[in-house]
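Working notes, structure below.
The values are calculated or read from the model by the stated rules, or taken from the named source; none is laboratory data. No experiment lies behind these values; they were computed from the predicted model shown. When we count neighbours, we look across all protein chains shown, and the Cβ atoms used for this are built from the backbone with ideal geometry, even at glycine.
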Amino acid sequence: MALLELKQITAGYDKNMILRDFSLQVERGQFVSLLGSSGCGKTTTLRLIAGFSQPKAGSVIFDGRDITNVPLHKRNFGFVFQSYALFPHMTVFDNVAFGLKMRKTGREETKRRVLEMLELVDLKGFEKRYPREMSGGQRQRVALARAMVIQPDLMLFDEPLSNLDAKLRVKMRVEIRRIQQELGFTAIYVTHDQEECFAISDQVAIMNQGVIEQMDTPAHIFNAPKTEFIARFVGFENFFDLTRQGGALISAEGKPVAVAADFSGVSGSSFKACIRPEDVKIHPAGEACENAVPGEVLVTTFLGRNVQYNVRTPLGELTVKTEQGTVYSIGSKVQLELSANKIILIDPMTN
Ligand SMILES: Nc1ncnc2c1ncn2[C@@H]1O[C@H](COP(=O)(O)OP(=O)(O)OP(=O)(O)O)[C@@H](O)[C@H]1O
Ligand SMILES: [Mg+2]
């Protein structure tokens, strides 16, 4: 049984519904991320789970119990937000101890648990400092300790690292994952940073306009995106249409294109195919290669280690990224190699 389940939720603001028939299941001990562009409804979803707001329809089930109308303070959840929201007039110790005081935990136990937690987030010795005397990363770790000290049944994170610089973000995301695995709590983590969420999650739910388009392991989403939206999110830039003819797939101009993936459908069924720029190889015109597509270089861009080409082909304009070697100038006649096992077919049922 899932630890948390959102069942057919409808929610929004006034008459503007952001989530419609929204469902999500999170298993115990999992680290699940909600990924999606700005405004797609991630924070709205998290607020419902936390109990800051109630859905117009549907239910929130936690550990087999309907908590849709259970108030925030009666849910034993921890939150970490983008802004650290520490109490500025309290020391680090008192900030972290806050939740335990609210729960009337005894002095000795409070002290022990706060110190334990500060050690876990690598802030031993900082007990007497005030938030203003600390760096952004240290403050965020205090926020983390404050949320976790109550031993929450569920941890909710809303873009907790977006105020930190790039290097610290990478360090902190590893820390969050380490602590989650050490303590074994269940986490829901909201971000719009694809790399960040793929790095730390067991499962990623990619949202588009209030709907989860795909929820799966990072590896599976990366290798088998189900929709064009998801494929674009994970680095596919080249899309083209193929049609089934007998046992083969052909391009719009009637040329066969070999694809390693299985496909179904009757003759005449159409498919959206895609391939990443890094997976397309570029050769001089006329050179023999697999799945050759002739083309002409439109733009050449240097990207340091790589060179990017925009190439006009019968399949449309394709982007190629290749390690530096022969450099093809604008107007060069080339052949593109689209390896059969690098082409992904997007399920036509989902488009
Ligand atoms: N308090 C509010 N009142 C009215 N509309 C709101 C309110 N909060 C959010 N919205 C709208 O709901 C939609 C979803 O907002 P939400 O905050 O869930 O997005 P998000 O996915 O968290 O985006 P971001 O990545 O920018 O934080 C947006 O169109 C937003 O304008
Ligand atoms: Mg948000």
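In table form, for the structure just shown:
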{"read-out": "Flag if Phe79 is under 26 Å from Glu182 (Cβ atoms), within 16 Å of ligand 1 (Cβ to nearest atom), of a type in the set (Phe, Trp, Tyr) and out of contact with any Pro (no Cβ under 7 Å at 6 or more places or on another chain)", "value": "yes"}
{"read-out": "Residues of segment 194-210 that turn out to be more than 28 Å from Gln151 (Cβ to Cβ) and within 16 Å of ligand 2 (Cβ to nearest atom), as a count", "value": "6"}
{"read-out": "Tally, over segment 11-36, of residues that are of a type outside the set (A, V, I, L, M), part of a strand (DSSP E or B), away from ligand 2 (no atom under 16 Å from the Cβ) and modelled with pLDDT under 95", "value": "2"}
{"read-out": "Meets criteria (in contact with a Leu (Cβ under 6 Å, 6 or more places away or on another chain), without any contact (Cβ under 8 Å) to a residue 60 or more places away in the chain and surrounded by 17 or more Cβ atoms within 10 Å (Cβ to Cβ)) for Arg169", "value": "yes"}
{"read-out": "All strands (runs of 3 or more DSSP E) inside segment 251-351 with 1 or more residues being more than 13 Å from Phe240 (Cα to Cα) and under 30 Å from the mean Cα position of the chain (by Cα)", "value": "280-284, 292-303, 306-313, 316-323"}
{"read-out": "Near pairs, Cβ below 7 angstrom, 6+ apart or cross-chain, from segment 13-36 (among the basic types (Lys, Arg)) to any residue that is part of a loop (DSSP other than H, G, I, E, B)", "value": "Arg20/Gly210; Arg28/Leu3; Arg28/Thr186"}
{"read-out": "Residue match in segment 52-60 (condition: under 29 Å from Lys111 (Cβ atoms) and away from ligand 1 (no atom under 12 Å from the Cβ))", "value": "no"}
{"read-out": "Selection within segment 37-68 - aliphatic (A, V, I, L, M) and within 16 Å of ligand 2 (Cβ to nearest atom)", "value": "Leu46, Leu48, Ile49, Ala50"}
{"read-out": "Options Arg47, Arg28, Arg65; residue that is in the same structural domain as Ala187 (by TED's automatic domain parsing) and within 16 Å of ligand 1 (Cβ to nearest atom)", "value": "Arg47"}
{"read-out": "When residues of segment 185-214 are limited to those that are among the acidic types (Asp, Glu) and either closer than 19 Å to Gln82 by Cα or in contact with a helix residue (DSSP H, G or I) (Cβ under 6 Å, 6 or more places away or on another chain) (or both), the one surrounded by the fewest Cβ atoms within 10 Å (Cβ to Cβ)", "value": "Glu195"}
{"read-out": "Residues that are surrounded by 13 or more Cβ atoms within 10 Å (Cβ to Cβ), among the aliphatic types (A, V, I, L, M) and more than 21 Å from Phe239 (Cβ to Cβ), drawn from segment 301-351", "value": "Val307"}
{"read-out": "Residue check, Arg178 surrounded by fewer than 16 Cβ atoms within 10 Å (Cβ to Cβ) and more than 16 Å from ligand 2 (Cβ to nearest atom)", "value": "yes"}
{"read-out": "Per-region count, segment 90-123, residues in a loop (DSSP other than H, G, I, E, B) and either within 16 Å of ligand 1 (Cβ to nearest atom) or in contact (Cβ under 8 Å) with a residue 24 or more places away in the chain (or both)", "value": "6"}
{"read-out": "Positions within segment 66-83 being in contact (Cβ under 8 Å) with a residue 60 or more places away in the chain and either in a helix (DSSP H, G or I) or of a type in the set (Ser, Thr, Tyr) (or both), in sequence order", "value": "Ser83"}
